[in-house]
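Sharing a structure below in structure tokens format, with a few things to ask.
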Amino acid sequence: MDVFKEAKKLLEQNRRTTDGHQYTVPSEDGYPYQWLWDSCFHAIILAQFDPEAAREELRSALSRQFPNGLVPHIIYWKPGILHLFDWGVEGTSSLTQPPMLAYAAWEVHRRDPSNAFLEAAYPSLLAYYRFLVEKRDPRDHHLIGIINPDESGEDDSPRFDAPLSAAPDISFAEHLALRTKLVENNTACRFDAELCMRNYFWVKDVPFNAILVENLRALGHIASFLKHSDGEHFANLHAELIANAMRERLFAEGVYWSASGIDYTRLQVATWAQFAPLFAGLYTEEEAATLVRTRLLDPNSFYAPFGIRTVSKKEPAYQASGYPEGFSWRGPVWMAPHWFIYRGLLRYGYKAEAADICRKSVALLERSGFRECFNPETGEGQGANGFTWCALVLDMNEA
Ligand code: GLC
């Protein structure tokens, strides 16, 4: 199988148009709607060979922005069965997802410059990042909170077990029940993070904040290019404030840890989140060297025969085989973390290690197809089929 050809084909197969909005579903069978960070990945890939489709993908992702600036993590487009997070605005969720929008928009522009596209997207982008910085940081500590694990994009990651009171061996159904309960609380709170939700679930997550830093920098580039000096100042200032706050409150024992609640309780579960700050250049060269040598490349923690585990093998929650019912972020390999780690490694000059991740990603797709996630020990595919963001391998060819 030529995975690169297959990847392009899948992006086309999973493309939909509703009411004049064009977008790509994450998977025909499992996820027949539009998801926010998936669409950002789709746009990053499409930018290489179909930039107009990439722009359409981002335009539709931004088209249901809330008046307060939030960009919802799901747009249902067509009525269906999966309305787990419906509230407030007709036909969308009321949560968001890792804020990859500015990075994706800048990447699309970098590959195929279009001032008109950037100008049109800019006010929405600025409003979204302002929402995160202003509404998700009520104490002005410059760390952005998520109100539900799904906002991290890693719905059942064991990083969130402590705040959810979940056991390491929790079942798929039990976990879903906990998250459904949280959505009930979210709804009762009318999704007000500042005053209400932080009593239930309030996590300063490492990947979310690291991704935000890098995206604020991208927003800074966009604002500078468009000569919006206020926006440029806002973006660059907050990128720096968040990076500094992460260092001050989330960094310990050589790595970044997510934290919960107003007292910043450390969520000391070793997950791939430790590598996410490489993407934003938040480790020093020395720290990165130790991180790569002692954690990323350690076969007993993250380095598996078929890729990088999302959870260290040493964790009691580690579960290679996932769940028979669907996806799992409790150990299996996922293509999005592979891509973030790949980009992070390149940023620090680890070319051979980045190439290794690319090779393993391609090998997984050849062996098991475009699956949602994969068993790190056997390479077996898990969860949804025809999973679009696996096409991120097309953007892992620089090492
Ligand atoms: C699952 C993943 C999430 C993704 C969604 C759609 O919920 O955990 O990250 O956005 O599927 O692909």
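Just to be sure I understand the filter: pairs with C-beta atoms under 9 Å, separated by 6 or more residues or on different chains, first member in the range 31-44 and more than 9 Å from the ligand (Cβ to nearest atom) and at pLDDT 95 or above, second member of a type in the set (K, R) and in a helix (DSSP H, G or I). Which pairs pass?
Between residues of the range 31-44 that are more than 9 Å from the ligand (Cβ to nearest atom) and at pLDDT 95 or above and residues that are of a type in the set (K, R) and in a helix (DSSP H, G or I), the close pairs are A43/R55.
Can you find even one residue in the range 47-57 that is closer than 23 Å to P207 by Cβ, at pLDDT 95 or above and within 16 Å of the ligand (Cβ to nearest atom)?
yes
Inside the range 1-15, can you point out the residues that are touching a strand residue (DSSP E or B) at 6+ places or on another chain (Cβ under 6 Å) and either among the small types (G, A, S) or open to solvent by 40 Å² or more (accessible area, probe 1.4 Å) (or both)?
If the condition is that a residue be touching a strand residue (DSSP E or B) at 6+ places or on another chain (Cβ under 6 Å) and either among the small types (G, A, S) or open to solvent by 40 Å² or more (accessible area, probe 1.4 Å) (or both), then R15 is the only one that fits.
Please list, ordered by first then second residue, the pairs with beta carbon atoms under 6 Å, 6 or more apart or interchain, first in the range 172-192 and under 17 Å from G322 (Cα atoms), second crowded, with 16+ Cβ neighbours inside 10 Å.
Note: pairs meeting the criteria are F172/Y323; H175/D156.
Quick grid of which residues meet (1) of a type in the set (D, E, K, R); (2) open to solvent by 40 Å² or more (accessible area, probe 1.4 Å):
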{"position": "M246", "(1), (2)": "no, no"}
{"position": "L250", "(1), (2)": "no, no"}
{"position": "Q268", "(1), (2)": "no, yes"}
{"position": "F275", "(1), (2)": "no, no"}
{"position": "L297", "(1), (2)": "no, yes"}
{"position": "G307", "(1), (2)": "no, no"}
{"position": "K313", "(1), (2)": "yes, yes"}
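Give me a count of the residues in the range 376-390 that are away from the ligand (no atom under 15 Å from the Cβ) and open to solvent by less than 20 Å² (accessible area, probe 1.4 Å).
Residues meeting the conditions: 2.
Can you give me the ranges of the helices (runs of 4 or more DSSP H) entirely in the range 208-305 with at least 1 residues that are in contact with an Asp or Glu (Cβ under 7 Å, 6 or more places away or on another chain)?
By residue number, 276-279.
From the list I146, I170, pick out the single residue that is under 22 Å from the mean Cα position of the chain (by Cα), within 16 Å of the ligand (Cβ to nearest atom) and closer than 25 Å to E184 by Cα.
Result of the check over I146, I170: I146.
Here is a list: L364, L392, L291. Which entry is under 20 Å from the mean Cα position of the chain (by Cα) and at pLDDT 95 or above?
The conditions single out L392.
Is it true that F340 is under 18 Å from M396 (Cα atoms), surrounded by 22 or more Cβ atoms within 10 Å (Cβ to Cβ), within 16 Å of the ligand (Cβ to nearest atom) and touching a residue at least 60 places away in the same chain (Cβ under 8 Å)?
yes
The values are calculated or read from the model by the stated rules, or taken from the named source; none is laboratory data. It should be emphasised that the depicted structure is a prediction, and the values quoted were computed from it without experimental measurement. Glycine also receives a Cβ, built like all others from the backbone with ideal geometry; neighbour counts cover every protein chain displayed. Surface areas here come from the heavy atoms of the whole protein model, side chains and all, with no ligands, DNA or RNA. Shrake-Rupley method; radii C 1.70, N 1.55, O 1.52, S 1.80 Å.
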